[in-house]
Amino acid sequence: MRSEHPTTTVLQSREQGSAAGATAVAHPNIALIKYWGKRDERLILPCTTSLSMTLDVFPTTTEVRLDPAAEHDTAALNGEVATGETLRRISAFLSLVREVAGSDQRAVVDTRNTVPTGAGLASSASGFAALAVAAAAAYGLELDDRGLSRLARRGSGSASRSIFGGFAVWHAGPDGTATEADLGSYAEPVPAADLDPALVIAVVNAGPKPVSSREAMRRTVDTSPLYRPWADSSKDDLDEMRSALLRGDLEAVGEIAERNALGMHATMLAARPAVRYLSPATVTVLDSVLQLRKDGVLAYATMDAGPNVKVLCRRADAERVADVVRAAASGGQVLVAGPGDGARLLSEGA
Ligand code: PMV
């Protein structure tokens, strides 16, 4: 059966039916050109195109098992039963998959995150990428990577990029009908020369966000006088980023990533009321990154919807950068990540 639902226009159900169960793994990604702002909240269509690096740390492994006897979806995260908003988002995502697959079978979801508890790193990108791959297989949808990326996008925008390893660009997609826009908004790998990069992740605060990224994006787009200028300049940043990646210019990659992230935070600071994720500890780490550069070390920072800092550097400098950042992060956890693989199916079948 073919659904009329936009996201799924190119998707097909397998004739032999569902696989009854599947397990998939995916890694988080960190945006070097940020996604900040939706132009369609239901379809999760972004205002701007973003670009990221998938990490080789903290995989999420998710099993989706169809249960013909169940009346509701159930989910466990690291062995704990999911409830409330978490369960609602997972179930809404599964409903989308069911709609395409022409199935009414409920599922049992078992997710394991290896992000250290309370590390304050978003797991929605790896979480929805793993869920998309596992659920598509369990419900018998045959999707190529582009289709999986579109599907993952409906769970969490940044998850569209975790379908791919290394560097990935998520296209904002064209304006036009919902179907046209939806079909054009997917991620794909970005050609890059050999850069040998590392991201040093400084966890300065592991607590929950003061404002959800969904609410913060909405408020920024609706009220920040800096939003449009940032969104426009982000297009130039993207073009420059693509050519820096192609020529293997890690210095330029870092410079563009840092200004794009600082610009994103500036848009939020100018929102009414302001959204401020950066804390004094963030600024202390940013100062240490500046000092590293003064000392001749390639190091550039990026921050997401929280106070934690990710420092892009050469792999060969990663331990030195980690030591400096660790001293600045005073007690915060510091980890070194490299480029990782895209989402993949681990097993399939009853
Ligand atoms: O995909 P979401 O809703 O978790 O939003 C992610 C937004 C940022 O992490 C701040 C930027 C990005 O592009 O990942």
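Summary of computed values
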quantity: Set of lysines near Lys294 by C-alpha distance (under 23 Å), chain-local residues within fewer than 8 positions excluded; calculated: Lys310
quantity: Nearest-ten-degree value, helix 318-328 long axis tilted from longest Cα axis of the chain; calculated: 70 degrees
quantity: Signed unit charges on C-beta, dipole axis of region 197-337, positive-most listed residue Leu298, Val221, Val324; calculated: Val221
quantity: Scaled radius of gyration (Cα, divided by 2.2 N^0.38 Å) that region 22-110 gives; calculated: 1.28
quantity: Angle between the chain longest axis and helix 145-155 axis [Cα atoms, degrees, rounded to 10]; calculated: 80 degrees
quantity: Long-range amide H partners of Leu45 with built H, under 5 Å; calculated: Arg39, Asp40
quantity: Per-residue ³J(HN,Hα) for region 237-244, Karplus 6.51 cos²θ - 1.76 cosθ + 1.60, θ = phi - 60°, Hz, x for Gly and Pro; calculated: 4, 4, 4, 5, 5, 4, 6, 5
quantity: Listed residues Thr49, Gly84, Val100: farthest to the positive end of the dipole of region 35-175 (Cβ charges); calculated: Thr49
quantity: Charge tally in the Cβ shell below 9 Å around Ile30, where Lys, Arg are +1 and Asp, Glu are -1, Ile30 excluded; calculated: 0
quantity: Å² per residue, accessible surface of region 197-337 at 1.4 Å; calculated: 44 Å²
quantity: Degrees, to the nearest 10: 124-138 long Cα axis against longest axis of the chain; calculated: 20 degrees
quantity: Cα-centred dipole magnitude for region 197-337, charges only on beta-carbon of K, R (+1) and D, E (-1), debye, nearest 20; calculated: 420 debye
quantity: Antiparallel bridge percentage (DSSP; both residues within region 57-191; nearest 5); calculated: 75 percent
quantity: Assigned charges on the beta-carbon of Lys, Arg, Asp, Glu; region 10-193 dipole about Cα centre (debye); calculated: 380 debye
quantity: Computed [θ] at 222 nm, helices only, for the chain once each DSSP H run of length n ≥ 4 contributes -39500 (n - 2.57); calculated: -12000 deg cm²/dmol
quantity: Residues listed by number, region 297-318, amide nitrogen under 17 Å from Gln291 label point at 7 Å toward C-beta; calculated: 297-301, 309, 311
quantity: Beta bridges by DSSP in the chain, antiparallel share as percent, to the nearest 5; calculated: 95 percent
quantity: Solvent accessible area, Å² - Glu215, 1.4 Å probe, full protein context; calculated: 60 Å²
quantity: Volume per residue of the C-alpha convex hull in the chain, rounded to whole Å³; calculated: 127 Å³
quantity: Apportionment of accessible area to carbon and sulfur, the chain, percent (1.4 Å); calculated: 50 percent
quantity: Of Pro273, Leu183, Pro208, farthest towards positive along the dipole that unit charges on Lys, Arg, Asp, Glu beta carbons give the chain; calculated: Pro273
quantity: Cα-based shape type of region 68-158, given that a ≥ b ≥ c are square roots of the gyration tensor eigenvalues and the cut on a/c is 1.5; calculated: oblate
quantity: Binned Cα-Cα distances of region 213-255, short to long, each 5 Å bin given as a whole percent; calculated: 6, 21, 19, 16, 14, 14, 10, 2
quantity: Value of Rg to Rh for region 117-173 (Rh from inverse mean 1/r over Cα pairs, i.e. Kirkwood); calculated: 1.00
quantity: Ranked packing of 165-171, 145-151, 225-231, 294-300, most packed first, by mean Cβ within 10 Å; calculated: 145-151, 165-171, 225-231, 294-300
quantity: Region 251-298 - Rg and Dmax from Cα coordinates, angstrom; calculated: 12.6, 39
quantity: Segment Arg42-Glu319, length gained on full extension (0.36 nm per residue, minus Cα span); calculated: 95.5 nm
quantity: Heavy-atom surface of region 10-193, accessible at 1.4 Å and reported per residue (Å²); calculated: 36 Å²
quantity: Alpha-carbon radius of gyration plus Dmax, which is the widest Cα pair, for region 10-193 in Å; calculated: 15.6, 51
quantity: Isotropically averaged projected area of region 197-337, using the convex hull of Cα atoms (one quarter of hull area), nm²; calculated: 8.4 nm²
quantity: For the chain, size of Cβ-based charge dipole, Lys and Arg +1, Asp and Glu -1, in debye; calculated: 740 debye
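The values are calculated or read from the model by the stated rules, or taken from the named source; none is laboratory data. The shown structure was predicted, so the numbers you read here are calculated from the model rather than taken from an experiment. Don't worry about glycine lacking a Cβ; one is built from the backbone with ideal geometry, like all the others, and counts go over all protein chains shown. Calculation scope for accessible area: heavy atoms of the full protein, side chains included, ligands and nucleic acids excluded. Shrake-Rupley method; radii C 1.70, N 1.55, O 1.52, S 1.80 Å.
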